[in-house]
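Asker: Mind having a look at this structure? Questions to follow.
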Amino acid sequence: MVFMDLKRAGFSTRAIHAGDKIQEAEPVAIPIYQTAPFRFKDAAHGARLMGGKEEGYVYSRGLNPTTEVFEKRMADLEGGEAAMAQASGMAAISAAVLTEVKSGDHIIADEVIYGSTYDLFVDLKKFGVDVSFVDTSDIVNVENAFRPGTRLVFFETPANPTMKLSDIKAISDVAHERGAKVFIDNTFMTPYFQQPIMHGADVVIHSATKYLNGHGDTIGGIIVGTSEFIKQARHTAKNIGGAISPFNSWLIVRGMKTLAVRMDRHNENAMAVAKYLQRHDKVSAVLYPGLWDHPQHDLAKEQMSGYGGMVAFLLRDAEGVPAFLNSLHLCTLAVSLGDVETLIQHPATMTHSVVPREKRIKYGIADELVRLSVGLEDADDIISDIEQALDSI
Ligand code: LCS
């Protein structure tokens, strides 16, 4: 407010402008820029920014300083050139995929991926984009699925919910030879345990709702890639409109400060729970890449520096699943993952219920499969809760 003496202005004007000069100060915590537009310095500045001649803050659907901290931090940790945050993991996945493909293109996707990602890929058919779902844990299946129009190979490793791994380097080599890109959803590992770009991937995507935020109190997503790809993705995303709120970026940035210590404890607790489950006679299999008998334990040691907090296991009897879940007290029956609380869910009827049953069974998402996101409570308490619930069935 400089054009007039504010003291002489009316009540409404003062209610809007009095005291609005931000003091110069350097906060230690990241400030939340809770604003939609940003003031232009003058008309020429506004025209340069809006005309794409200069980069800067215009409107928080595009760039926002709080969100930019999250973006720069993730680009750094994943070893990418740039990053773009979105309102959710799904907003990040759809913006990244829609940036890359056009009608007539073909995508190779792992058959075991998060339910909504699977559903999005099925829906892409209506825009003329064909998706082949194959088991990417075997490189031969990936090689055989290529066609002239294949633009993209997409997978999660470990895959949600079967904890199957895919070889990032081998798939990236095959894809690059054939002129396709590799997009990896690194939600389960976070850059603390796995950096796919280092192994050859082009783009890394996260649901930041999970370990990055870590406290189960916000939704967010992010894409990391080359500056050129992120520039194109910003164009796509600006028009789709899935911008993250600055407050949610702030929560995620705060959560990420403890990512390393949380991931170490998730890893430790998950290993203890997995070893316990392995010995239980009501459990027929435990799927955790840190166990020496995981079929891809060697690959895990090659491309991951830890095994994470996700453990899946099969009960001997699918009929016992509801009673088991209902008998838990400490482990919370809920979807999502990566929170400080231990969360448990039944993929067949919950996160992966959109996958048709016969396909689901073929992909290994069995009715007996239970997925556990091992939290940061004391491992003995998590195990005792699981033990009393298994005793009750
Ligand atoms: N990628 C993976 C691997 C996920 O597990 C999820 C959500 C997403 C992407 C989507 O992220 P969002 O839009 O939710 O931030 N996974 C969930 C799950 O397994 N249970 O509830 C959500």
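The values are calculated or read from the model by the stated rules, or taken from the named source; none is laboratory data. As the structure is a prediction and not an experimental result, all values here were calculated from the model. Cβ coordinates were reconstructed from backbone atoms using ideal geometry, including for glycine residues, and neighbour counts include every protein chain displayed. The protein model used for the area step is the full one, side chains on, heavy atoms only, and it has no ligands, DNA or RNA in it. Shrake-Rupley method; radii C 1.70, N 1.55, O 1.52, S 1.80 Å.
Asker: Looking for something touching a Pro at 6+ places or on another chain (Cβ under 9 Å), of a type in the set (A, V, I, L, M), more than 13 Å from the ligand (Cβ to nearest atom) and open to solvent by 10 Å² or more (accessible area, probe 1.4 Å) - is there at least one such residue anywhere in segment 267-281?
Answerer: The answer is no, given that none of the residues of segment 267-281 is touching a Pro at 6+ places or on another chain (Cβ under 9 Å), of a type in the set (A, V, I, L, M), more than 13 Å from the ligand (Cβ to nearest atom) and open to solvent by 10 Å² or more (accessible area, probe 1.4 Å).
Asker: Can you tell me which residue in segment 377-393 is modelled with the lowest pLDDT, limited to those that are of a type in the set (A, V, I, L, M) and either in contact with a Gly (Cβ under 6 Å, 6 or more places away or on another chain) or within 13 Å of Thr332 (Cα to Cα) (or both)?
Answerer: Among residues in segment 377-393 that are of a type in the set (A, V, I, L, M) and either in contact with a Gly (Cβ under 6 Å, 6 or more places away or on another chain) or within 13 Å of Thr332 (Cα to Cα) (or both), the one modelled with the lowest pLDDT is Ile393.
Asker: Answer yes if at least one residue in segment 215-226 is assigned to a helix (DSSP H, G or I) and modelled with pLDDT of 95 or more, and no otherwise.
Answerer: Within segment 215-226, none of the residues are assigned to a helix (DSSP H, G or I) and modelled with pLDDT of 95 or more.
Asker: Taking segment 347-361, which residues are surrounded by fewer than 19 Cβ atoms within 10 Å (Cβ to Cβ) and in contact (Cβ under 8 Å) with a residue 12 or more places away in the chain?
Answerer: Met350, Ser353, Val354, Lys359, listed by residue number.
Asker: Residues Ser207, Ser245: which one is open to solvent by 10 Å² or more (accessible area, probe 1.4 Å) and under 15 Å from the mean Cα position of the chain (by Cα)?
Answerer: Of Ser207, Ser245, the one residue that is open to solvent by 10 Å² or more (accessible area, probe 1.4 Å) and under 15 Å from the mean Cα position of the chain (by Cα) is Ser207.
Asker: With the requirement that a residue be in contact with a Phe, Trp or Tyr (Cβ under 7 Å, 6 or more places away or on another chain) and either part of a helix (DSSP H, G or I) or open to solvent by 80 Å² or more (accessible area, probe 1.4 Å) (or both), what does segment 1-36 give you?
Answerer: Within segment 1-36, just Gln34 meets the criteria.
Asker: Of all residues being part of a strand (DSSP E or B) and in contact with a Cys (Cβ under 8 Å, 6 or more places away or on another chain) in segment 294-346, which is surrounded by the fewest Cβ atoms within 10 Å (Cβ to Cβ)? Just the residue, please. Let's see the steps before the verdict.
Answerer: The initial filter retains those residues of segment 294-346 that are part of a strand (DSSP E or B), namely 310-315, 332-333, 343-345.
Going one step further and asking which of them are in contact with a Cys (Cβ under 8 Å, 6 or more places away or on another chain), we end up with 343-344.
Working: Leu343: 21, Ile344: 24.
Ranking the qualifying residues of segment 294-346, first place goes to Leu343.
Asker: Given Ile168, Ile252, Ile230, Ile222, which one is closer than 30 Å to Pro27 by Cα and in contact with a His (Cβ under 6 Å, 6 or more places away or on another chain)? Reasoning before the result, please.
Answerer: On the way: Ile168 fails: closer than 30 Å to Pro27 by Cα; Ile252 fails: in contact with a His (Cβ under 6 Å, 6 or more places away or on another chain); Ile230 fails: in contact with a His (Cβ under 6 Å, 6 or more places away or on another chain).
Going through Ile168, Ile252, Ile230, Ile222 in turn, the sole match is Ile222.
Conditions (1) within 29 Å of Gly128 (Cα to Cα); (2) in contact (Cβ under 8 Å) with a residue 40 or more places away in the chain, marked per residue:
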residue	(1), (2)
Phe154	yes, yes
Met163	no, yes
Ile168	yes, yes
Gly179	yes, no
Val182	yes, no
Thr209	no, yes
Ile219	no, yes
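Asker: Checking the conditions here, which among Thr157, Thr218, Thr190 is in contact with a Phe, Trp or Tyr (Cβ under 6 Å, 6 or more places away or on another chain) and either in the same structural domain as Thr332 (by TED's automatic domain parsing) or closer than 25 Å to Gly375 by Cβ (or both)?
Answerer: One residue alone meets the criteria, Thr190.
Asker: Considering only segment 219-239, how many residues are within 14 Å of the ligand (Cβ to nearest atom) and open to solvent by 10 Å² or more (accessible area, probe 1.4 Å)?
Answerer: Adding up the residues that qualify gives 1.
Asker: Would you tally the residues in segment 362-393 being buried (at least 22 other Cβ atoms within 10 Å of the Cβ) and either more than 23 Å from the chain's Cα centre (by Cα) or assigned to a helix (DSSP H, G or I) (or both)?
Answerer: Total satisfying the criteria: 2.
Asker: So, Ser373, is that one among the hydroxyl-bearing types (Ser, Thr, Tyr) and within 19 Å of Glu111 (Cβ to Cβ) or not?
Answerer: Numbers: among the hydroxyl-bearing types (Ser, Thr, Tyr): yes; within 19 Å of Glu111 (Cβ to Cβ): no.
The answer is no for Ser373.
Asker: How many residues are within 17 Å of Asp380 (Cβ to Cβ), among the basic types (Lys, Arg) and in contact (Cβ under 8 Å) with a residue 40 or more places away in the chain if we restrict to segment 260-283?
Answerer: Going through segment 260-283 one residue at a time, the tally reaches 1.
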